[in-house]
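What follows is one structure encoded as structure tokens, with my remarks underneath.
The values are calculated or read from the model by the stated rules, or taken from the named source; none is laboratory data. Just so it is clear, the structure is predicted and the values come from calculations on it, not from any experiment. Positions of Cβ are generated from backbone atoms using ideal geometry, with glycine treated the same way; all protein chains shown enter the neighbour counts.
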Amino acid sequence: MNATSFSVGSANHDQQISMLVTFKVKSEMQDNFKQALLNDLIHAREESGCISMDLFADKADSNTLFFFERWQDQAALDNHFSQPYTQEVLALAETALVSPMQILYLTDLAPLPLEDIKRSVGNEGVDLIVIFEVEDGMQERFQAQFLNSVHYSRLEPGCLAFHVHAVKGGSNTFVLYERWENQAAFDFHLAQPYTQELFESFKATLAKPVEECLIYINDLTLPA
């Protein structure tokens, strides 16, 4: 597998690229592959085109790892894929993974200025990824309800990140990444009326219960 396998097509200089990459790792290869990902991350954060790059593990399955990445443009991503530390990951993936890595290219529905995007530092916060499958015809309602939640959620003092995305090429798939300062902050968020309203709307908009969409994750990122 080479870098060209990951191309999303031409993009202008100002177009940002966001990605959620999922790795299903063989148990016996977990330590080696995780170390290769961390090495890739450390170097990637030094690249001028890297906006953010974080590494997570599924709390329910430590063999499932995630990269959540943002790049300034296609040229920055292409440069990253050409680096030896990235090529090391791609080569190791050929034997270390149970199945091919999955890459979701994302469109941020409520983008923040670059200076407001925070890199994770491996703290004791609550992190989760939510991958939603929305019923046909419900996409506009889902987005409108979620954008209302984004506005209020980001104002909460314990909110460190709250980003909702549409998946490019998947009109019914949306991805949320959220980070909270601690469990108390997350519990406060869940109790808010706009969050309760959002969860109530899921009964009509989602193809399966929201509880089946939640992925609680451990932050494996080393401090920058």
Gly137 being over 30 Å from Trp180 (Cβ atoms) and either touching a Lys or Arg at 6+ places or on another chain (Cβ under 6 Å) or assigned by TED's automatic domain parsing to the domain that holds Phe188 (or both): yes
Residues of region 38-55 satisfying the condition of being touching a residue at least 60 places away in the same chain (Cβ under 8 Å), within 14 Å of Leu90 (Cα to Cα) and crowded, with 20+ Cβ neighbours inside 10 Å: Leu41
Unique residue being in contact (Cβ under 8 Å) with a residue 12 or more places away in the chain and in contact with a Cys (Cβ under 7 Å, 6 or more places away or on another chain) when the list is Phe68, Phe132: Phe132
Residue that is nearest to Met53 (Cα to Cα), among those in region 90-120 that are modelled with pLDDT under 95 and exposed (fewer than 13 other Cβ atoms within 10 Å of the Cβ): Lys118
Residue within region 170-192 that is more than 15 Å from Ser18 (Cβ to Cβ), small (Gly, Ala, Ser) and buried (at least 17 other Cβ atoms within 10 Å of the Cβ) present: yes
Members of region 19-29 found to be assigned to a helix (DSSP H, G or I) and buried (at least 17 other Cβ atoms within 10 Å of the Cβ), listed by number: Met29
Residue match in region 80-89 (condition: surrounded by fewer than 19 Cβ atoms within 10 Å (Cβ to Cβ), out of contact with any helix residue (DSSP H, G or I) (no Cβ under 6 Å at 6 or more places or on another chain) and within 26 Å of Ile131 (Cα to Cα)): no
Filter result for Leu65 (part of a helix (DSSP H, G or I), in contact with a strand residue (DSSP E or B) (Cβ under 6 Å, 6 or more places away or on another chain) and under 26 Å from Glu124 (Cβ atoms)): no
Checking Ser62 against (1) surrounded by 17 or more Cβ atoms within 10 Å (Cβ to Cβ); (2) closer than 28 Å to Glu212 by Cβ; (3) assigned by TED's automatic domain parsing to the domain that holds Leu20; (4) among the polar types (S, T, N, Q), the condition it does not meet: (1)
Sole residue being of a type outside the set (Val, Ile, Thr), in contact with a Phe, Trp or Tyr (Cβ under 6 Å, 6 or more places away or on another chain), at pLDDT below 95 and not assigned by TED's automatic domain parsing to the domain that holds Asp54, chosen from Gly170, Gly158: Gly158
